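The values are calculated or read from the model by the stated rules, or taken from the named source; none is laboratory data. These numbers come from a predicted model, not from an experiment. Here the Cβ positions follow ideal geometry from the backbone for every residue, glycine too, while neighbour counts run over all protein chains shown.
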Amino acid sequence: TLHESKPDVFDTLNVEHWEQRLIREALKRTRGNIPESAELLGISRATLYRKLEIYNIDKDSFQ
């Protein structure tokens, strides 16, 4: 049926939740490199730094 019980990768549709996950993934892939992470995310370095502060994400923990 259409509503079968399946694991839902979209367990939340909260934008801030997904934004944090994307930032963490970009930092992981680039080993904490801010310019490369910002490029992957399609945002400026200044925006990425601001979001790191807002979400209390430590870029150094990805090195």
Would you please list the contacts, defined by Cβ atoms under 9 Å and residues six or more apart or on different chains, that run from a residue in region 9-36 that is assigned to a helix (DSSP H, G or I) to a residue that is among the basic types (Lys, Arg)?
19/51; 20/51; 23/51; 27/59; 34/45; 34/59; 35/45; 36/29
Residue pairs within 7 Å by beta carbon, gap of at least six or interchain, first lying in region 42-63 and under 13 Å from residue 26 (Cβ atoms), second of a type in the set (Ser, Thr, Tyr) and at pLDDT 95 or above, listed first then second, are 48/37
